[in-house]
Amino acid sequence: MRLPHKAHLAIVDGERFVLMINNGSPDEPSLSEVAKPELSGQNYSAGVRHQDDIGQQKGNTDLDELAHAAAAAEYLNRMAMDGKFERLAIVADPKSLGEMRRHYHKTLKDVLIEEEAKTVGGESISRIEEKLLAT
């Protein structure tokens, strides 16, 4: 992923959410943390799609993780509507990214430059920069 200068990067997994900005160039990213909000997952609308007993028993569906992803999307929607960033890339694990997409506002879609389904939550900033260059 080539993240432009001053573009924001949202990193989301089922439990964590970090918003960063690239102070470097696309070829030499230099990420710094902008926010690490504590999200309260209250939107359990994913539960309507995940009511099967087998999925719950095997652990294929964690409604708390999906609610966290919805909360992350709602946070990013508010930031986009408030004009807090012009360009945004999102890196999230596949389940979280799928749930987030269901909640994107048009304003967020307008500033979204790239999405990547990858688990990088918990990685150091330097490791995330390496992974950005690898894709």
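Since every read-out is calculated from the coordinates, none of them should be taken as a lab result. Since we're looking at a predicted model, the values are computed, not measured. Because the Cβ atoms are built from the backbone with ideal geometry, glycine has one as well, and the counts that use them run over all protein chains shown.
Once the other residues with Cβ under 12 Å from the Cβ of Leu31 are scored (Lys, Arg +1; Asp, Glu -1), what is the net sum? Don't skip to the end; give the middle numbers.
On the way: positive: Lys6, Arg127, Lys131; negative: Glu28, Glu33, Glu123, Glu129, Glu130.
Residues near Leu31 contribute -2 overall.
What distance in nm separates the simple spin-label points at Arg2 and Arg127, each placed 7 Å from Cα in the Cβ direction?
2.7
Local charge sum around Asp13 (other residues, Cβ-Cβ under 15 Å, Lys/Arg +1, Asp/Glu -1)? All intermediate terms of the calculation are to be shown ahead of the outcome.
Details: positive: Arg16, Lys36, Lys95, Lys118, Arg127, Lys131; negative: Glu15, Glu38, Asp62, Asp64, Glu65, Asp93, Glu99, Glu115, Glu116, Glu123.
It works out to a net charge of -4.
If you count, for each residue, the other Cβ atoms within 10 Å and average over each peptide, how do 98-108, 63-73 line up from highest to lowest?
Those peptides, ordered most packed to least, come out 63-73, 98-108.
Using a Förster radius of 22 Å, what is the FRET efficiency between Ser40 and Arg87 based on their Cβ-Cβ separation? Nearest 0.05, please.
0.20
Straight-line reach from Lys36: which lysines have a Cα under 21 Å away, not including same-chain ones fewer than 8 places off?
Candidates past the 8-residue exclusion: Lys6, Lys84, Lys95, Lys118, Lys131.
I want the local charge near Glu115. Using Cβ-Cβ distances under 11 Å, sum +1 for each Lys or Arg and -1 for each Asp or Glu among the other residues. Each step should come with its number before you reach the end.
On the way: positive: Arg101, Lys109, Lys118; negative: Glu114, Glu116.
Combined, the nearby Lys, Arg, Asp and Glu give +1.
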